[in-house]
1. Between A:HIS48 and B:GLU84, what's the calculated FRET efficiency when r is the beta-carbon distance and R0 is 45 Å? Round to 0.05.
2. Work out Dmax and Rg for the range B:126-297 from the C-alpha atoms and quote the Rg first, both in angstrom.
3. With +1 on the Cβ of every Lys and Arg and -1 on the Cβ of every Asp and Glu, and nothing else charged, how large is the dipole of the protein assembly as shown about its Cα centre, in debye rounded to the nearest 20?
4. To the nearest 0.05, what FRET efficiency results for B:ALA15 and B:GLU168 with a Förster distance of 30 Å applied to their C-beta separation?
5. Within the set of other residues whose C-beta is less than 13 Å from the C-beta of B:LYS72, count the net charge using Lys and Arg as +1 and Asp and Glu as -1.
6. Would you mind computing, in nm to one decimal, how far apart the modelled labels at B:THR255 and B:LYS158 are, each placed 7 Å from Cα along Cα→Cβ?
7. At 0.36 nm per residue, minus the direct Cα-Cα distance, what do A:LYS209 and A:GLU186 gain on full extension? Give it in nm, one decimal, please.
8. Compute the signed sum of charges (Lys and Arg +1, Asp and Glu -1) over the other residues within less than 14 Å, Cβ to Cβ, of A:GLY32.
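Read-outs throughout are calculated quantities, based only on the coordinates presented, and are distinct from any laboratory measurement. Just so it is clear, the structure is predicted and the values come from calculations on it, not from any experiment. All Cβ positions, glycine included, derive from the backbone under ideal geometry; neighbour counts span all protein chains shown.
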There are 2 protein chains.
Amino acid sequence: MTQKLLYLSQKNVAAVGLPMVEIIDVVEKGFGEMGQKQVEMPPKPGVHPGGGDNFIHAMPAYIPAMNSVGVKWVSGYPDNPKKELPYINGLLILNNPETGLPLAVMDCAWITAMRTAAASAVSAKYLARPESSVMGILACGVQGHTHLEAMNTLFPLKKVYAFDTILEQAKALADYGRDTLGLAVEVVSDPQKAVTGCDIVVTSGPILKKPHETIRSGWVDEGAFVSCVDFDSFFSRNALNQADKWTTDNLAQYTHYRDKVGFFQNCPKVHADLGELVAGLKKGRQNDQERTFAANLGLAMEDMAVAPLIYTLAKEKNIGTWLPL
Amino acid sequence: MTQKLLYLSQKNVAAVGLPMVEIIDVVEKGFGEMGQKQVEMPPKPGVHPGGGDNFIHAMPAYIPAMNSVGVKWVSGYPDNPKKELPYINGLLILNNPETGLPLAVMDCAWITAMRTAAASAVSAKYLARPESSVMGILACGVQGHTHLEAMNTLFPLKKVYAFDTILEQAKALADYGRDTLGLAVEVVSDPQKAVTGCDIVVTSGPILKKPHETIRSGWVDEGAFVSCVDFDSFFSRNALNQADKWTTDNLAQYTHYRDKVGFFQNCPKVHADLGELVAGLKKGRQNDQERTFAANLGLAMEDMAVAPLIYTLAKEKNIGTWLPL
């Protein structure tokens with residue numbers, strides 16, 4: 001019998017229409033498995049064609065409880081947008097854990113955008129106040145959009161402030177919030193307005209080894225939760241020192257990025273990783289005054305938690321192209 | 001503009017018909033680049049679904065001189081043959097080094113079979129006597145076949161001895177040698193007959209941490225070259241001690257397999273790796289008496305040296321399926 005493989009293009013993956021609420025749910029389950037040390041996720045090696053900040057990373061993971069194994073092979077080329085190409089590109093291969101045979105190859109841009117926001121939402125579930133209703137977003141690109149959707153899924157958002165150095169980006173996010181989510185999104189030209197007064201703050205700009213320190217001490221309110229999608233790029237050292245709980249998605253990966261790669265040089269001590277929070281091994285928010293932070297780096301586990309759902313739903317909906325192995 | 005991706009199934013890759021002589025040539029060039037430290041090839045991480053000896057490895061490499069970058073995601077499941085599935089399965093993703101975008105996804109079984117034999121042939125070019133005409137093959141599966149083709153490409157073979165614990169395997173290799181390569185292949189039931197009297201010996205059985213030690217001291221002739229495709233699985237310690245030059249494909253990987261994984265515990269000191277031999281940094285065979293050995297482990301560089309040739313030839317010949325990214 002000829003073995004077959006399902007190919008899902010970027011459009012196919014989006015057309016599958018996996019809802020954010022299910023992505024958040026399965027990513028949370030994946031973190032629970034990781035906290036219990038039930039995920040095999042070796043360090044992600046990379047190559048760097050052309051030098052500079054270009055990278056292509058191999059991100060393998062195996063989650064026995066989800067019967068999921070595979071690899072994401074994802075590139076980031078900072079100069080791509082100048083060529084009208086996306087910054088992030090790549091493919092994900094999903095395998096049959098019983099035979100090792102590939103089941104599916106799918107574009108990974110959609111999954112990467114969605115699962116990153118889902119991981120922030122899982123952090124927020126454990127670290128933000130449940131009644132959080134005001135959100136600030138600094139840098140309003142792809143991650144700004146998916147984070148708005150993800151936080152709106154878990155929290156009773158009423159008001160959103162959008163800041164971007166490119167005004168059109170902020171306006172596009174405001175249109176999306178209004179038209180798609182029915183949310184009042186106000187574009188602000190002063191970054192502090194997207195921080196002070198907000199219950200949930202997301203910074204999702206370019207990742208920089210040397211932070212631009214836009215956000216100053218005193219801006220983040222007591223009781224607020226911040227998801228630093230762009231690592232610590234937005235924060236001054238004094239602003240970071242106001243964190244009562246500084247967390248990450250995976251301690252081993254964070255430590256590697258801090259000690260070997262050179263990020264997070266001015267950051268507080270890590271209180272817990274998200275696996276520990278979800279598995280109940282460490283405490284999340286404990287009162288309404290704490291300023292809590294998540295600096296999640298992105299994990300192969302998240303991709304492999306989501307990929308089987310896409311694969312199954314695509315088969316049900318007859319989406320994609322079947323190919324002979 | 002929608003970006004496109006070329007998919008090549010196992011049949012497509014074989015149909016491209018890249019000749020062994022070109023594979024050997026490009027693999028040798030790749031080793032030259034590696035010897036000059038012009039290849040980026042991080043350690044290959046793996047996951048191990050189901051435990052036992054199951055593995056799926058991510059093998060990324062970037063070869064600037066060949067404008068080639070990509071990853072091979074390859075599984076080995078020892079129990080697959082019982083399910084009438086191949087032991088080795090997987091896909092290779094080839095990327096555009098200028099943009100990071102994927103160019104092609106191709107089945108990797110054919111490439112893996114061919115480039116492994118090509119690497120042995122490159123080792124033989126530097127370590128076997130050029131007039132080598134008698135070859136012995138112990139274990140006659142896929143690698144037995146491709147090694148016969150590869151050695152026949154570089155050496156004036158006249159006589160081949162084939163040994164296998166499964167007689168049908170040896171007979172199949174004899175048929176292949178006669179029908180396809182016009183070579184006299186004699187099936188032997190005594191393994192020593194595929195070693196003593198041979199100029200080139202290839203052992204290509206299952207890889208074992210504890211060698212079965214079939215080949216004893218005194219069996220390998222003076223002046224012979226041995227390619228240990230199955231590591232040291234076939235050799236007694238005393239037989240290995242007769243090696244005048246013990247080589248591998250990449251010293252860093254060999255050291256990892258020896259010190260961290262536990263293979264090669266009874267093996268001689270490494271004289272050189274194949275990058276050093278091809279780059280002229282270390283000497284290959286220096287006289288007609290030396291017993292020379294290659295224990296190559298298989299490198300992502302070899303895959304990424306071959307893949308662009310397959311991709312280019314497939315486009316020229318209109319082979320494969322074009323898919324939207």
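1. Numbers: r = 41 Å, r/R0 = 0.92.
Plugging the Cβ-Cβ distance into 1/(1 + (r/R0)^6) gives 0.65.
2. Rg and Dmax of the range B:126-297, Cα atoms, are 15.1, 44 Å.
3. Numbers: 60 positive and 68 negative charges, 75 e Å.
Charge dipole, the protein assembly as shown, about its Cα centre: 360 debye, nearest 20.
4. On the way: r = 27 Å, r/R0 = 0.89.
So the FRET efficiency works out to roughly 0.65.
5. Once all neighbours under 13 Å are counted, the net charge is -1.
6. Output for this residue pair reads 4.4 nm.
7. Working: separation 23, 0.36 × 23 = 8.28 nm, distance 2.99 nm.
Result: 5.3 nm gained on full extension.
8. Numbers: positive: A:LYS29, A:LYS37, A:LYS125, A:LYS282; negative: A:ASP25, A:GLU28, A:GLU33, A:ASP249, A:ASP273, A:GLU276, A:GLU302.
Surrounding charge for A:GLY32 is -3.
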